[in-house]
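Engineer: I'd like to ask you about the structure that follows.
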Amino acid sequence: MTKVVNKNDLANAHRSKRLLDPAIEALKKIDLQAVGFDPYSLEKVSAFIAWLEKLGSKADATIAQGRLQHENRPQLLITAALLRMSTIPALIEGEQKTLEREIETHKAKSEELRRKGFSEAEISSILPDNQVELGIHNSAIVALKKEQENIQAFLNGSPVYNTDLLDMSKLAPFMQRHKTAE
């Protein structure tokens with residue numbers, strides 16, 4: 001089974017290659033004369049080079065796996081996630097404005113009833129409690145912000161792209177739109 005490569009794995013592999021390759025090339029220049037014509041010492045240097053090359057091969061395999069994952073990335077999901085992400089700020093703003101309107105409307109009605117001489121108890125019995133409605137809008141804002149964070153984490157997860165972070169029901173319309181545009 002092939003290991004799934006994440007950003008850290010890829011960064012570490014590139015760092016390994018950047019550091020190992022020059023070291024290996026430098027060590028390969030060591031010859032019998034450089035080790036005082038001691039074949040045992042030259043054998044040790046060669047063994048060390050082989051060990052470093054093995055580490056380099058592991059890094060190469062990680063980089064190749066990362067490239068493969070990138071080539072096979074879920075492009076439709078990425079596009080749908082980007083499209084959905086672009087709509088979320090307006091949805092949040094709409095919920096916030098609705099929330100503010102609800103508060104202002106309730107406040108204005110309360111003040112109007114107060115001016116007409118109604119007591120606080122009477123106002124409470126006339127005007128419905130808007131806390132449930134306010135809670136719904138607040139919950140919607142929290143959910144939209146969480147969805148935005150999850151989409152951002154999905155998009156930043158290259159080359160892995162953890163689809164468990166996405167709400168597919170919210171992305172479906174964007175995926176459908178993108179499929180029909182192709």
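Engineer: Only one residue in Ala59, Ala64 is under 25 Å from the mean Cα position of the chain (by Cα), surrounded by fewer than 14 Cβ atoms within 10 Å (Cβ to Cβ) and not in a loop (DSSP other than H, G, I, E, B). Which one?
Structural biologist: Residue meeting the stated conditions: Ala64.
Engineer: Mind checking whether some residue in segment 95-116 is part of a helix (DSSP H, G or I), surrounded by 14 or more Cβ atoms within 10 Å (Cβ to Cβ) and free of Cβ contacts under 8 Å to residues at least 12 places away in the same chain?
Structural biologist: No.
Engineer: If only one of Ala47, Ala61, Ala108 is under 30 Å from Leu166 (Cα atoms) and out of contact with any helix residue (DSSP H, G or I) (no Cβ under 7 Å at 6 or more places or on another chain), which one is it?
Structural biologist: So the residue among Ala47, Ala61, Ala108 that is under 30 Å from Leu166 (Cα atoms) and out of contact with any helix residue (DSSP H, G or I) (no Cβ under 7 Å at 6 or more places or on another chain) is Ala61.
Engineer: Please count how many residues of segment 131-182 are under 27 Å from Ala11 (Cα atoms) and either in a loop (DSSP other than H, G, I, E, B) or basic (Lys, Arg) (or both).
Structural biologist: The qualifying residues number 7.
Engineer: Within segment 145-182, how many residues turn out to be farther than 23 Å from Thr2 by Cα, at pLDDT below 90 and among the hydroxyl-bearing types (Ser, Thr, Tyr)?
Structural biologist: Adding up the residues that qualify gives 1.
Engineer: Which of the residues belonging to segment 69-81 are exposed (fewer than 13 other Cβ atoms within 10 Å of the Cβ) and in a helix (DSSP H, G or I)?
Structural biologist: Glu71, Gln75
The values are calculated or read from the model by the stated rules, or taken from the named source; none is laboratory data. In this text the structure is predicted, and so the values were computed from the model without any measurement. When we count neighbours, we look across all protein chains shown, and the Cβ atoms used for this are built from the backbone with ideal geometry, even at glycine.
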